[in-house]
Amino acid sequence: MPDPVIVVALLTKDYPVGFWRPRPYRALDALSFTVAPGEVFGCLGPNGAGKSTTLKLLMGLVSPT
C-alpha cells in the first residue's frame, strides 16, 4: 500500500470569544484522518462544524492550537 498523501493527527483549533474576558471556543477537537494517493476526499457537515477551519489549517492560513 502506498504512503498517504495527507496525514492529519489530533488537529485542534481554539478561537478566542468575548471582548473583556476572552474564552476559548473549540472549533476542532482532535481531528484525525489520512488521504491515500488517488483517493477522493470530501468535507461535509452542517454550519459551524469546522469545515472551513479544517481547510484553512491544511492550507496553512491559520495555525493549530
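We did not get these values from a lab; they are worked out from the coordinates using the rules stated. Predicted model, so just to flag it, every value in this text is computed and none were measured. Virtual Cβ from ideal backbone geometry, glycine too; neighbours counted across all protein chains shown.
Shape analysis of the chain based on the Cα gyration tensor places the equivalent ellipsoid semi-axes at 27, 12, 9 Å, largest first.
A Cβ-based charge dipole, computed about the Cα centre of the chain with Lys and Arg at +1 and Asp and Glu at -1, lands at about 400 debye.
Computed on the chain, with alpha-carbon pairs under 8 angstrom and 6+ residues apart, the relative contact order is 34 percent.
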